[in-house]
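K.L.:
I have a structure here, written as structure tokens, and I will follow up with some questions on it.
The values are calculated or read from the model by the stated rules, or taken from the named source; none is laboratory data. For clarity, every value in this text was computed on a predicted model and none was experimentally measured. Cβ atoms come from the backbone with ideal geometry, glycine included; neighbour counts cover every protein chain shown. The accessibility values were calculated without ligands, DNA or RNA, using every heavy atom of the protein model including side chains. Shrake-Rupley method; radii C 1.70, N 1.55, O 1.52, S 1.80 Å.
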Amino acid sequence: MLKISCPLLFMLALASGQLAIAASPAATSVPASTPVSTPVSIEAIDKVWSGHSVPFAITTSKDHLYVAYYDANRQLTVAQRPLNAPSHWVYHKLDTWLGWDSHNLIAMALDASGAMHIAANMHVDPLTMFRSDSSGDVRSLRRVPLMLDAAREKAMTYPVFLKNHQGQLIFKYRDGSSGRGNEIYNIYDEKSQSWKALTDSPLTDGEGQRNAYFMGPTRGSDSYFHVAWVWRESPRAETNHDLSYAKSRDLVHWERADGSPLTLPIRLKQAEIVDPVPVSGGMINNNTVLGFDEEGRAIITYHKYDAAGNTQIWLARHEKNGWKLKQISAWTNYRWDFKGNGSLNSEIFVEGARPGKPGQLLVTVTRLGQRLEFSVDSRTLETVSENKVAGVAEMFSTYFKPGPDMQINTTETSDANGRVYRLAWTAQAPHRDLPLTEIVPATDLKLFVFNPGKP
């Protein structure tokens, strides 16, 4: 299943008691439902920048493992090794350097020919993309000066690579800025080794007044790609509103939940509104996460304020009579009253619903550093129980001892045999994309390898 995030906040798991969320796509974190057993190996890869957290990337080909990160000098670095030769790392430095912005995540993917594509270090910036030759050798990476339209590629953010049902490489990004942006999809033509527009118009259009912050596309067992998003009126986080949804079989033709067609670009007035949460209603981008029940129906996990002003967790599922909305938390005297611009330290991170034991769904939420697992009735969405579960700090406490204001960040992938490769490193939490008053020491980037079925 495709797990990506969008122009919202990115989550980085941490050990300091809060979650780090920035106004951008997210690194993959350790799923709360996944136990961390003893790794079969641990490798130190490099020293990395730790002045603020920003998502790194990891992927595999048939024969190789690839990692992309910002090194101790903030330079974008790509390293590779054979899957069966842990000590044989090859490193390659690329000509771009990170500033203080936690939005500037790294996206990486291989196309069908074996060529590596990397996009990184962009927050309302011109295109920063690299491509290797078909060998996938990181030393052959070269800049891609243009995808399609130089005018459109001057203010790019939130790069995401994904593949359609035919295995073709697709790249999506936001064109514009927070509160004034459109969602663009391009597709790679391997014969001509060039990019083409996937659709004749953007997926969404903020009409110069707002932009959409997406979670997904996430592919379900129904062969649809599902997306959920919020609309945002300005760079200020509290201006998120109107939880929305769409689905597509081919990422070109889009539909509402009932199968009726949507005309692109999707604008606010034409969008399918799942929950009309108002501005300052307690809903934030990135925390609108897609999951699925045992029947393959899409479920959105999100949060908003209740009538008393407390922050609560909600589920939304489309049923025969429309969208069913259900509050699953019952917190009292708690309100995450987020406001302002820049990368935030989030108090909450939500995960998608997933089947548990027969008749129940599991929904994992992290609040103030504590992971909680809600068990809900899969028919009614009524809460059955709420239990504490191990968080990232507990999972990696043997291997990392982060100091004050430092957090543990993770991202992972697996190979064709199911072996899991998890990157982990410590860094300062995002701090509104502003410089620190001192440079903190670089930290170790480590690779943890787990046998299939034992992540």
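K.L.:
Give all pairs with beta carbons closer than 7 Å in which a residue from region 177-192 that is within 21 Å of Asn240 (Cβ to Cβ) meets a residue that is part of a strand (DSSP E or B) and among the aliphatic types (A, V, I, L, M); count only pairs at least 6 apart in sequence or on separate chains.
P.N.:
Ser177/Val124; Glu183/Ala212
K.L.:
Right, another one. Name the residue that is most open to solvent (accessible area, probe 1.4 Å), counting only residues in region 43-80 that are over 19 Å from Asp95 (Cα atoms), assigned to a loop (DSSP other than H, G, I, E, B) and in contact with a strand residue (DSSP E or B) (Cβ under 9 Å, 6 or more places away or on another chain). Before the answer, list the steps.
P.N.:
As a first pass, look at region 43-80 and keep what is over 19 Å from Asp95 (Cα atoms): 43-45, 50-53, 58-65.
Now drop any that are not assigned to a loop (DSSP other than H, G, I, E, B), which leaves 50-53, 61-63.
Okay, now just the ones that are also in contact with a strand residue (DSSP E or B) (Cβ under 9 Å, 6 or more places away or on another chain), so 50-53, 61, 63.
Details: Ser50: 1, Gly51: 0, His52: 2, Ser53: 0, Ser61: 36, Asp63: 90 Å².
Ranking the qualifying residues of region 43-80, first place goes to Asp63.
K.L.:
Can you tell me which of (1) modelled with pLDDT of 95 or more; (2) surrounded by fewer than 20 Cβ atoms within 10 Å (Cβ to Cβ); (3) of a type in the set (Val, Ile, Thr) is the one Val40 doesn't meet?
P.N.:
All conditions are met except number (1).
K.L.:
Something else about it: Which condition from (1) touching a residue at least 60 places away in the same chain (Cβ under 8 Å); (2) in contact with a Phe, Trp or Tyr (Cβ under 9 Å, 6 or more places away or on another chain); (3) assigned to a loop (DSSP other than H, G, I, E, B) is the one that Tyr245 breaks?
P.N.:
Tyr245 satisfies every listed condition except (3).
K.L.:
Quick check: is even one residue across region 196-207 β-branched (Val, Ile, Thr), under 19 Å from Ser102 (Cα atoms) and in contact (Cβ under 8 Å) with a residue 24 or more places away in the chain?
P.N.:
Residues of region 196-207 β-branched (Val, Ile, Thr): 199, 204.
If we keep only those that are under 19 Å from Ser102 (Cα atoms) as well, we get none.
The answer is no; no qualifying residue exists.
K.L.:
Just to be sure I understand, how many residues within region 127-139 are within 21 Å of Leu198 (Cβ to Cβ) and either among the acidic types (Asp, Glu) or open to solvent by 40 Å² or more (accessible area, probe 1.4 Å) (or both)?
P.N.:
1
K.L.:
Now for a different question. Within the set of pairs 6+ apart or on separate chains, which have a first residue in region 341-365 that is under 15 Å from Arg317 (Cβ atoms), a second that is outside any loop (DSSP other than H, G, I, E, B) and of a type in the set (Lys, Arg), and C-beta atoms under 9 Å apart?
P.N.:
Short answer, once both residue conditions are applied: Ala353/Arg317; Leu361/Arg354; Leu362/Arg354; Val363/Arg354.
K.L.:
Right, something else. Considering region 50-108 alone, what residues qualify as being among the β-branched types (Val, Ile, Thr) and under 24 Å from Gly418 (Cβ atoms)? Outline the logic, then answer.
P.N.:
First pass over region 50-108, keeping only residues among the β-branched types (Val, Ile, Thr): 54, 58-60, 67, 77-78, 90, 96, 106.
If the condition is that a residue be among the β-branched types (Val, Ile, Thr) and under 24 Å from Gly418 (Cβ atoms), then Ile58, Thr59, Thr60, Val67 are the ones that fit.
K.L.:
For region 323-330, does any single residue satisfy the condition of being among the hydroxyl-bearing types (Ser, Thr, Tyr) and open to solvent by less than 50 Å² (accessible area, probe 1.4 Å)?
P.N.:
Going residue by residue through region 323-330, those that are among the hydroxyl-bearing types (Ser, Thr, Tyr) are 329.
This time we only want the ones that are open to solvent by less than 50 Å² (accessible area, probe 1.4 Å), so: 329.
Within region 323-330 (the criterion being among the hydroxyl-bearing types (Ser, Thr, Tyr) and open to solvent by less than 50 Å² (accessible area, probe 1.4 Å)), the answer is yes, since at least one residue qualifies.
K.L.:
Please identify the pairs in which a residue from region 121-134 that is of a type in the set (Phe, Trp, Tyr) has its Cβ atom under 7 Å from the Cβ atom of a residue that is at pLDDT 95 or above and assigned to a strand (DSSP E or B), counting only partners at least 6 apart or on another chain.
P.N.:
The qualifying pairs are Phe130/Leu94; Phe130/Ile118; Phe130/Arg142; Phe130/Arg143.
K.L.:
Could you say which residue among Ser102, Ser87 is assigned to a loop (DSSP other than H, G, I, E, B), out of contact with any helix residue (DSSP H, G or I) (no Cβ under 7 Å at 6 or more places or on another chain) and surrounded by 20 or more Cβ atoms within 10 Å (Cβ to Cβ)? First the steps, then the outcome.
P.N.:
On the way: Ser87 fails: surrounded by 20 or more Cβ atoms within 10 Å (Cβ to Cβ).
None of the others qualify; the one that does is Ser102.
K.L.:
Could I ask something else about it? Hey, among Arg297, Arg335, which residue is surrounded by 15 or more Cβ atoms within 10 Å (Cβ to Cβ) and more than 24 Å from Pro355 (Cβ to Cβ)?
P.N.:
Values: Arg297 fails: more than 24 Å from Pro355 (Cβ to Cβ).
Checking each option against the conditions leaves just Arg335.
K.L.:
Next question, about the same structure. When you scan region 257-285, how many residues do you find that are part of a loop (DSSP other than H, G, I, E, B) and within 29 Å of Pro358 (Cα to Cα)?
P.N.:
Initial filter on region 257-285 (part of a loop (DSSP other than H, G, I, E, B)): 257-260, 263-265, 267-271, 276-285.
Filter again for within 29 Å of Pro358 (Cα to Cα), leaving 257-259.
Adding up the residues that qualify gives 3.
K.L.:
What residue, among those in region 402-447 that are touching a residue at least 24 places away in the same chain (Cβ under 8 Å), at negative phi and of a type in the set (D, E, K, R), is least open to solvent (accessible area, probe 1.4 Å)?
P.N.:
Looking at residues that are touching a residue at least 24 places away in the same chain (Cβ under 8 Å), at negative phi and of a type in the set (D, E, K, R), I get Arg422.
K.L.:
Answer with yes or no whether Pro261 is closer than 22 Å to Asp200 by Cβ, in contact with a strand residue (DSSP E or B) (Cβ under 8 Å, 6 or more places away or on another chain) and surrounded by fewer than 17 Cβ atoms within 10 Å (Cβ to Cβ). Full working, then the answer.
P.N.:
Numbers: closer than 22 Å to Asp200 by Cβ: yes; in contact with a strand residue (DSSP E or B) (Cβ under 8 Å, 6 or more places away or on another chain): yes; surrounded by fewer than 17 Cβ atoms within 10 Å (Cβ to Cβ): yes.
For Pro261, the condition - closer than 22 Å to Asp200 by Cβ, in contact with a strand residue (DSSP E or B) (Cβ under 8 Å, 6 or more places away or on another chain) and surrounded by fewer than 17 Cβ atoms within 10 Å (Cβ to Cβ) - is met.
K.L.:
A further question on this structure: Testing Gly340 on (1) over 24 Å from Tyr245 (Cβ atoms); (2) of a type outside the set (S, T, N, Q); (3) in contact with a Leu (Cβ under 9 Å, 6 or more places away or on another chain); (4) not in a strand (DSSP E or B), one condition comes back false. Which one is that?
P.N.:
With respect to (1) over 24 Å from Tyr245 (Cβ atoms); (2) of a type outside the set (S, T, N, Q); (3) in contact with a Leu (Cβ under 9 Å, 6 or more places away or on another chain); (4) not in a strand (DSSP E or B), Gly340 is out only on (3).
K.L.:
Another one. Could we say that Glu373 is among the charged types (D, E, K, R) and over 20 Å from the mean Cα position of the chain (by Cα) here? Let's see the steps before the verdict.
P.N.:
Numbers: among the charged types (D, E, K, R): yes; over 20 Å from the mean Cα position of the chain (by Cα): yes.
Against the criterion (among the charged types (D, E, K, R) and over 20 Å from the mean Cα position of the chain (by Cα)), Glu373 qualifies.
K.L.:
Taking only region 374-392 into account, find how many residues are open to solvent by 30 Å² or more (accessible area, probe 1.4 Å) and of a type in the set (Gly, Ala, Ser).
P.N.:
Residues meeting the conditions: 2.
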